[in-house]
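In what follows, a single structure is set out as structure tokens and then discussed.
The values are calculated or read from the model by the stated rules, or taken from the named source; none is laboratory data. A quick note: this is a predicted structure, and the numbers were derived from the prediction, not measured. Neighbour counts run over all protein chains shown; Cβ positions are idealised from the backbone, glycine included. Protein only, heavy atoms only, side chains kept; ligands, DNA and RNA dropped before computing areas. Shrake-Rupley method; radii C 1.70, N 1.55, O 1.52, S 1.80 Å.
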Amino acid sequence: MNILNFGGGAFVGTAYMVGSLLAFDQCLVAPEVGVGFSRKSFFDFVDEAGVSFNDLESRIDDVFAVMPSSVASGSEDVVSKVFPVAQGISGGSLLAWSVLGDVPLVYLARSVLEFDARVYFDVGSNAGAWLKALFPVVVNSAGCCSIAAAKLLSAPFGKKKLGECLFDIASECFFGVARSARMHFPSGFCKGGALENYVKDIASHHPGLSLNFNDFERRQKKLIVIAERLDYVEHMEAEKWHETEVYFGISPYDKMPIEKAIRASCSLPGLMEPLDFYDPVLKQNVQLVDGGVSKTIGFRKIKEVCPGAGVWVVFNPIVPHEEPVTNIVDVAEQILRRLIYNRKCAVWDRLEPDIKERVILFEGDSSFMSGLLAWPDMKKALWHGYWHGVEQLRSRYDCVKAKLERAGLSIAPHRILNIYFEKNLGRKEVYGC
């Protein structure tokens, strides 16, 4: 039983994982699938169609027009046929669900190129709540500013220096506005309904995609989606194993509709409102948010569920950048990446050897400087994920080959990967990224 693990990564990270998945599938060999070890990638068809990188979105139909039907339908995909277990966090939950549902991998690439961020940022559905909250916040803020102005005018007659007065006034204004915002603002910019509808719409176009976890079980497959309990604490001194996350797809959490499980796992705190959920284990209502808050991969839980795993292929796109940061936005992004990555490294350092020896890891490219929420960069992330995925397989060829062979799989000959690599070097020059 082989396992796919898709980590979180917001928009850009999800696109990056699709690229890495394309690379892995192109190089993967499985005797039972019956396809050759020298196969064309999505980007080979882009070249055949004569489509430039800049025009890829607008001319995607031209790319699909040159594809054989066996590629466009996914019948030549290998990964979906030899990996019956998939676990996903945040955007990775969409990929785990799609692969188990036999969605063609080239369709996932197309979805990246055609992605409309409004399926996540459905701000309109929450506009009324924000407008309603805005009035008292503005009134309270105006009151705080008026008091601050009065204090500032009286500063020359007091004992404090002007700098001290300005600091006190700014503090009072800031905390006054913050208190008002806490009282009136909603818990997120968007509600999540559009994302649920997006998942349903994808399912309506692919017969293998069910919105019921048990349907996958009946097909001898296992889908796991991770979300985090936002308002629940297990204290440090608790004697039991600390587990604040929810694993949808594992009993008793296998009754949740998949569109809601994915919506919960994709609920980035502050951007999307938490999902209210009655927890059958805790027997209380909880709020669920992005599973990446607590988990990077979830190795040990999946080992419990699938103790006889052959090979684990892990896609983890969030890696800290290795470039100096020069502004506060990049500092915040780098800290987030560092916290997530350090947590993953801490887990890896303490991971049992019998798990480590089965894991093939696809990591993000630390030189790819893009914010995780920068959806206009998803096309670049798709390309970077692909070429960097080929390079990771090529550079660790013997190790990857040995791990795959333990699971009855193999990888294309090293000379074939060298050909892919040389092609990608040429594309990097042409694409300019």
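Using a Förster distance of 60 Å, how high is the FRET efficiency between ARG218 and ARG179, based on the Cβ-Cβ distance and rounded to 0.05?
0.70
Can you put THR326, THR14 in order of accessible area, largest first, using a 1.4 Å probe?
Working: THR326 125, THR14 25 Å².
Correct descending sequence by accessible area is THR326, THR14.
Determine the calculated [θ] at 222 nm for the chain from helices alone, applying -39500 (n - 2.57) to every DSSP H run no shorter than 4 residues and normalising by the residue count; nearest 500 deg cm²/dmol.
About -15500 deg cm²/dmol.
Rounding to the nearest 20 debye, state how big the charge dipole of the chain is about its Cα centre with +1 on each Lys and Arg Cβ and -1 on each Asp and Glu Cβ.
Here the size comes out at about 660 debye.
Using the Karplus curve 6.51 cos²θ - 1.76 cosθ + 1.60 with θ = phi - 60°, work out ³J(HN,Hα) for each residue of the stretch 252-263 in order, rounded to whole Hz, and write x for Gly and Pro.
Along the stretch 252-263, the couplings run x, 9, 9, 9, 5, x, 4, 5, 7, 5, 5, 4 Hz.
In sequence order, what are the phi-derived ³J(HN,Hα) couplings for the stretch 388-402 according to the Karplus relation 6.51 cos²θ - 1.76 cosθ + 1.60 with θ = phi - 60°, rounded to whole Hz, with x for glycine and proline?
So the Karplus estimates, Gly and Pro as x, are 6, x, 4, 5, 5, 5, 5, 6, 10, 3, 4, 5, 5, 4, 5 Hz.
So, R0 is 25 Å and r is the distance between the beta-carbons of ALA170 and MET369; what FRET efficiency does that work out to, to 0.05? Write down the numbers at each step before the final one.
Values: r = 33 Å, r/R0 = 1.32.
E(calc), rounded to 0.05, equals 0.15.
Which net charge results when you count Lys and Arg as +1 and Asp and Glu as -1 among the other residues whose beta-carbon is under 10 Å from that of PHE277?
For residues surrounding PHE277, the net value is 0.
Given a cut-off of under 8 Å on Cα pairs at least six residues apart, what relative contact order in percent is computed for the chain? Present the calculation step by step, with values, prior to reporting the outcome.
Details: 704 pairs, mean separation 114.3, N = 433.
Once divided by the residue count of the chain, the mean separation gives 26 percent.
Would you mind checking the pairs LYS200/LYS379; LYS260/LYS283; LYS40/LYS379; LYS132/LYS255; LYS200/LYS403 and listing those with alpha carbons more than 28 angstrom apart?
LYS132/LYS255; LYS200/LYS403
Just one of (1) 23.5; (2) 21.8; (3) 27.1 is Kirkwood radius over Cα pairs in Å as worked out from the coordinates here. Which one is it?
(1)
Simple spin-label model, 7 Å along Cα-to-Cβ: LEU131 to GLU304 in nm?
4.8 nm
Could you tell me the calculated FRET efficiency between VAL430 and GLN334, based on Cβ-Cβ distance and R0 = 41 angstrom, to the nearest 0.05?
Efficiency at R0 = 41 Å is approximately 0.85.
Could you report the chain's accessible area per residue, 1.4 Å probe, as an integer in Å²?
Computed with neighbouring chains in place, this is 46 Å² per residue.
Largest first, what is the accessible-area ranking of MET256, MET236 with a 1.4 Å probe?
Sorted descending by solvent-accessible area, the residues read MET236, MET256.
Sort HIS235, HIS184, HIS206 by accessible area with a 1.4 Å probe, largest first.
Accessible-area ranking of HIS235, HIS184, HIS206, largest first: HIS235, HIS184, HIS206.
Roll a 1.4 angstrom probe over the protein heavy atoms and tell me the percent of accessible area of the chain that is carbon or sulfur.
Answer for the chain: carbon and sulfur cover 59 percent of the accessible area.
Would any residue of the stretch 362-400 have its amide N under 20 Å from a label point 7 Å out along Cα→Cβ of ILE419? List them or say none.
386-398
Would you grab the residues whose amide H sits under 5 Å from the one on VAL29? Only those 5+ places off in sequence or on another chain, please, with H modelled 1.01 Å from N.
SER410, ILE411, ALA412
Taking θ = phi - 60°, what integer Hz values does the Karplus form 6.51 cos²θ - 1.76 cosθ + 1.60 yield along the stretch 422-433, in sequence order, with x for Gly and Pro?
Karplus-based 3J(HN,Hα) across the stretch 422-433 equals 5, 4, 5, 4, x, 5, 4, 5, 6, 6, x, 7 Hz.
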